[in-house]
Each structure stands twice: as structure tokens, then as C-alpha cells.
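To keep things clear, I will list the structure first and then write my remarks on it.
The values are calculated or read from the model by the stated rules, or taken from the named source; none is laboratory data. If you're wondering where the values come from, they're calculated on a predicted model, not measured in any experiment. Quick reminder, even Gly has a Cβ in these numbers, built from the backbone with ideal geometry, and neighbours come from all protein chains shown. Surface accessibility is based on the protein's heavy atoms, side chains included, excluding ligands, DNA and RNA. Shrake-Rupley method; radii C 1.70, N 1.55, O 1.52, S 1.80 Å.
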Amino acid sequence: MNKKILFFAKEAGTSAVLTPVIERLKVTEYPVDIYAVSPALHSLSSRFGNVYMWNNFPEANYELMVTGYGHPSVASNRSIFREAREHGLKSIVILDNWKGTDRFFNKDGTVTDALPDIIAVMDFETKKHLVSKGVPEEIFEVTGHPLLEMFCQKKFTVKKKMKIRKEMDLPIKKKICLLASEIMHFHSYHQKCDGSNGKCYSIFEMKAGGIPLLRYLQQMEINKDALFIIRQHPNERYKCNDELRFLDWHEADEETVLSVVD
């Protein structure tokens, strides 16, 4: 208990999946320090007090580092595990998603040597898939998904919904639909999103039945007269109009968003 646990997050997904873990440790009075860079910095700072901007590997008496596993195109996402070992730290990665498992492999398909000591995965299927591709079996722990499990235990009451809708200037009685936008990449994982390798599409550019996906959803009978709220991917930037309301990551956390929509 005299040594701290170091948390680090860069991506929004990492900050989200680490949040319930940090909250649990704080309840049990484990000492933790939280370091982050944008976009994770804002979401963690809105929840916790001791969040610091990551510049270099902090010089402190840590015993364990807990983090996510980011895109290999960002050098620090891989070098951080080497630095942890140099500081005598064990490292744990908690995966936040079932996609993007290519990040554990080099461009030629070989397993990267930038691996943590433990990878916490959501289920046995994810472990089985990565082991079949060559990642050492002994570094996996099947833990479930902390964020989704936290939401499963929440009670989203009508009273809470109405209260937050008023606070966010959303219609009280209108049906509200949530769209969580995810960018679709039509190129290999290790290629850049610069248009030279195939276009990357947002939810606003995808089509269903020959018409834009968003328009298709709005025209469905069940969605007539509904207000659509868009939870943008952190890499997207769109503005509100009369039919849509964009909820920025700076504006509301995941629990708030889920509590106001139908």
C-alpha cells in the first residue's frame, strides 16, 4: 500500500474502460496517480482530481502501470511498455473494444515485441483469436468489460432522465434516439487515413438502401418526429442543425448520454 498504481490513457476508449477500475481502487483506498493526454485527458479530469498531463515517464515510486493499447502509428503507444520495464514496473493493458486487434501485430503480420505483462480481454473468444495469431497465451487474463458491466448495474430512472434533459436543454417529452458514430476504414489497419489507401467513412457518409444512413434512420416510421443525438467519434467534427444534436465528449460523459435517450 506504500506504492502507487500508475494509470495512463491517451484514447477516449481507454479513459472510458479505465474509469470504473480507478473508481473501484479509490473505494478500496489504493493510492493511484492518473496521467493522460487528449482526448482522454478531459474525460478523466472531469471525473477525478489527481489527473496530470503526461510529458515524460513520471519519476515516482510506482509498482504497477495500467493502461490501454493504442494505435501503433503513435510511437509512445509501444515505447511505454519498454519504459515501464526500465522503471521496474509491471504493466497491465485493459482492452476496451473487440475491434482493432491488428494493433498487436507488425505490418508483416508478426507479433510485436511491445507487449505488456498482462492483457485483460473481455471474453475467451478474444483471447482465443489473439493466441491463434501468435500472441503468448500466458499474458492473457479474461476479465470481462469493466465499463459495460458498470452500466449494467446502473438504474436509469425516468426522474433522472427528465432532470438531466432539463439541465441539457433537451425536449422533455420528445423521443430521443442515440447514434454512436464510428469511422469505417476501408484500408488495412497499418495504412494511414489520408485517402490514398481507400476512403474512411463516417456515419454521415454511409448509405442504406441507396440513401444516406442517417436519412434512412430518420425516415423509419418508428423514428418519425424523433430527435437524433449524435455521439461523435473523437476524430470527427460536425455542427448541430435543426434535426440533430451533437453531444461532444466535453459536454457529457457516457452515463449522462445513456440516461437521457430512449
Please specify each residue of segment 44-80 satisfying the condition of being under 21 Å from Ile119 (Cβ atoms), in contact with a Lys or Arg (Cβ under 8 Å, 6 or more places away or on another chain) and of a type in the set (S, T, N, Q).
-> Ser73, Ser76, Asn77
Which listed residue is in contact with a Lys or Arg (Cβ under 9 Å, 6 or more places away or on another chain) and either within 29 Å of Leu213 (Cα to Cα) or surrounded by 13 or more Cβ atoms within 10 Å (Cβ to Cβ) (or both), from Ile172, Ile183 = Ile172
Of all strands (runs of 3 or more DSSP E) completely enclosed by segment 1-69, which ones contain at least 1 residues that are in contact (Cβ under 8 Å) with a residue 40 or more places away in the chain?
-> 4-9, 62-67
Give the residue, chosen from Lys133, Lys90, Lys107, Lys154, that is in contact with a Leu (Cβ under 6 Å, 6 or more places away or on another chain) and in contact (Cβ under 8 Å) with a residue 24 or more places away in the chain.
-> Lys90
Across segment 7-16, what is the total count of residues that are touching a strand residue (DSSP E or B) at 6+ places or on another chain (Cβ under 6 Å) and surrounded by fewer than 23 Cβ atoms within 10 Å (Cβ to Cβ)?
-> 0
Is it the case that segment 81-100 has a residue that's touching a Lys or Arg at 6+ places or on another chain (Cβ under 9 Å), among the aliphatic types (A, V, I, L, M) and part of a loop (DSSP other than H, G, I, E, B)?
-> no
Say we look at segment 118-142 and pick out the residues that are part of a loop (DSSP other than H, G, I, E, B) and charged (D, E, K, R); which of these is most open to solvent (accessible area, probe 1.4 Å)?
-> Lys133
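The rows are residues; the columns are (1) at pLDDT 90 or above; (2) within 27 Å of Tyr189 (Cα to Cα); (3) crowded, with 18+ Cβ neighbours inside 10 Å; (4) among the basic types (Lys, Arg).
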residue	(1), (2), (3), (4)
Ser46	no, no, no, no
Phe57	no, no, yes, no
Leu64	yes, no, yes, no
Thr67	yes, yes, yes, no
Val74	no, yes, no, no
Arg78	no, yes, yes, yes
Lys107	no, yes, no, yes
Pro116	yes, yes, yes, no
Those residues of segment 148-166 which are within 25 Å of the chain's Cα centre (by Cα), loosely packed, with under 12 Cβ neighbours inside 10 Å and outside any loop (DSSP other than H, G, I, E, B) amount to Cys152
For His190, the lone unmet condition from (1) at negative phi; (2) open to solvent by 80 Å² or more (accessible area, probe 1.4 Å); (3) not aromatic (Phe, Trp, Tyr) is (2)
